[in-house]
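A short write-up of the structure that comes next.
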Amino acid sequence: MSARAVGRTPHPSALSAGRRLRELEAIADGGEIDVLVIGGGITGAGVALDAASRGLRTVLVERHDLAHGTSRFSSKLVHGGLRYLASGQLAIARESAAERHLLLTRTAPHLSRAMAQVVPLFAPGHLARGAYIGLGYELGDGLRRAVGTPAAVLPAPAPISAAQTRRLVPAVRAEGLRGGLRGWDGQLIDDARLVVAVARTAAGYGASILTRVECLSAGDGQARLRDRVTDQTLHLRARAVVSATGVWAGDLDPDVRLRPSRGSHLVVATERLGGADASLTVPVDGSSSRFVFTTPAAHGRTYIGLTDVPVDGPVPEVAHATEAEIDLLLDTVNTVLAEPLDRSDVIATYAGLRPLLAAGDGDTSDLSRRHAVLESREGVLSVVGGKLTTYRRMAEDAVDAVIRRDPALPARGSRTRTIPLVGAWPRHRLPEIAAPARLIRRFGAEAPFAAALPDGPGGACGVTPQELEWGVRVEGALTVADILDRRTRLGLVTADREASTDAAAAAFARAGVVPLGE
């Protein structure tokens, strides 16, 4: 990679309380912008980056914090499209594989990695089950080759012995084990960190990223905003308004028809699964295409997910796993464990809502993950459907729609296929960075700058004071919860939150910033 590809941007990319205030004052002075983006999840951040990098004057508003909603509650996987192949969604499968390739090799190699997915095979029936699942893995590997992802980045799938299976996933029971299959997919180090990196990169291309700013109404080239910090109301003129609000898209355009689906996860100690750094992948009883899988994560935790449950009625601000979902996940993964997990092993749960396009009354697991850009009667463009892996393509399509609709805007094509996110650095050269390995995993090429911050109290699970302060100085955290829940994920486990709250408050003090109340 050249110097251009280390995540540098034309303008400063750091988000802070001071920058937010200055940019709020700038839009309050009036004038017209090109694109207003509503929603600070992965799709909204992606739209802001695509628009700003094309030279469009762009403002993003988010009523809470970056990655406050669904984007921080994903499975943390960069899917290559295998499941979509199984349901015949070939175009979406290829799109997923292509976007995975970009994340792993170009835009965010520092925030992603290849993760082994191990399916243990037990007698009786291991031969037929292995042949069926192995065929799926081979088809998925064909997609990998078709989009140009080298085997050095994502190895080819292969059968493995019973001994190899237990070395990779030590918690698997030995009785009846005849071997396994090892496939590969992409994993995000942290989905919320990806959102922050995309938003910061957008800021580095000139976008204004304004959290705690709520859109009260929008349409016909006008928007009414409210700063939730000061309660000030702002009026903004925009040539285009793009709603990237996920499952809340219907709040701005009642004609948008979505069928939300809840995906829930359990959080357990990694040591309870033998310290595995691979994903243990277990078929769901009665399904030919659904799996429960474990995902090793930060802080010595492993996530177990995920469910696919229709959500009816009002959309909650934060979704929660139900007792039935917890039972399903435990019962499924326990079918392959030597020492089954029980409720006492579950130290936390989390759930996210997928904004699926409505299509009849079938099982939400069968609904298409395709995305669409829909225009309301008031002229608001809503980006709906899709999934985290394909956020960049969703954003590109949304900004293409903006430009098609307004011939006065410059007709530049998307540049985001070749724009690395802040901190991006070639994976094979990450060890060259002069900083602690922990910070390199989180900040990539920016790790030396984070490491240079002063010392102070750290958080739980080895989170350093530098990580906490970086969240305030560079990543736009305005509250202690922003630090704990979305910059470090310490808030996921109650004990970790309680042990880290004072350290997060101290990070604000070192940065000379007074945190907002919740």
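Pick from the range 152-205 the residues that are among the hydroxyl-bearing types (Ser, Thr, Tyr) and buried (at least 20 other Cβ atoms within 10 Å of the Cβ): which of them is farthest from the chain's Cα centre (by Cα)?
Only one residue tops the list, namely Thr165.
Taking strands (runs of 3 or more DSSP E) that fall entirely within the range 329-447, which contain at least 3 residues that are in contact (Cβ under 8 Å) with a residue 40 or more places away in the chain?
The strands (runs of 3 or more DSSP E) meeting that bar are 348-354, 381-385.
Hey, can you tell me all the residues within the range 96-130 that are over 30 Å from Leu337 (Cα atoms) and part of a helix (DSSP H, G or I)?
Correct list: Ser96, Ala97, Ala98, Glu99, Arg100, His101, Leu102, Leu103, Leu104, Thr105, Arg106, Thr107.
Which pairs turn up if I take residues in the range 118-139 that are basic (Lys, Arg) and look for partners that are modelled with pLDDT under 95 with beta carbon separation below 9 Å, at least 6 apart in sequence or on another chain?
Note: pairs meeting the criteria are Arg129/Pro283.
Condition first: out of contact with any Gly (no Cβ under 6 Å at 6 or more places or on another chain), in contact (Cβ under 8 Å) with a residue 24 or more places away in the chain and under 23 Å from Ala17 (Cβ atoms). Now tell me which residues in the range 454-467 satisfy that.
Selection gives Pro454, Gly456, Pro457, Gly458, Gly459, Val463, Gln466, Glu467.
Give the residues of the range 135-158 that are in contact with a Pro (Cβ under 7 Å, 6 or more places away or on another chain) and not aromatic (Phe, Trp, Tyr), sorted by residue number.
Glu138, Asp141
Determine which member of the set Ala447, Ala398, Ala452 is out of contact with any Cys (no Cβ under 9 Å at 6 or more places or on another chain) and under 23 Å from Leu36 (Cβ atoms).
Ala398
Which one of these is β-branched (Val, Ile, Thr), in contact with a strand residue (DSSP E or B) (Cβ under 6 Å, 6 or more places away or on another chain) and surrounded by 15 or more Cβ atoms within 10 Å (Cβ to Cβ): Val315, Val268?
On inspection, the qualifying residue turns out to be Val268.
Here are some residues: Asp220, Asp185, Asp227. Which one is of a type in the set (D, E, K, R), in contact with an Asp or Glu (Cβ under 7 Å, 6 or more places away or on another chain) and in contact (Cβ under 8 Å) with a residue 24 or more places away in the chain?
Asp220
Return the total of residues in the range 148-169 being of a type in the set (A, V, I, L, M, F, W, C) and touching a Leu at 6+ places or on another chain (Cβ under 9 Å).
Final tally of qualifying residues: 7.
Yes/no per residue for (1) at pLDDT below 95; (2) assigned to a helix (DSSP H, G or I):
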position: Tyr132; (1), (2): yes, yes
position: Gly140; (1), (2): yes, yes
position: Thr149; (1), (2): no, no
position: Ala156; (1), (2): no, no
position: Ala218; (1), (2): yes, no
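Considering the range 14-52 alone, what residues qualify as being surrounded by 24 or more Cβ atoms within 10 Å (Cβ to Cβ) and assigned to a helix (DSSP H, G or I)?
Ile42, Thr43, Gly44, Ala45, Gly46, Val47, Ala48, Leu49, Asp50, Ala51, Ala52
Among residues belonging to the range 53-86 that are part of a helix (DSSP H, G or I) and aliphatic (A, V, I, L, M), point out the one that is nearest to Gln117 (Cα to Cα).
Leu82
Would you mind telling me which numbered condition in (1) surrounded by 15 or more Cβ atoms within 10 Å (Cβ to Cβ); (2) in a strand (DSSP E or B) Trp248 fails?
Here Trp248 meets the rest and fails (2).
The values are calculated or read from the model by the stated rules, or taken from the named source; none is laboratory data. Remember, it's a predicted structure, so these values are computed and weren't measured experimentally. Here Cβ is always computed from backbone atoms with ideal geometry, including for glycine, and neighbour counts include all displayed protein chains.
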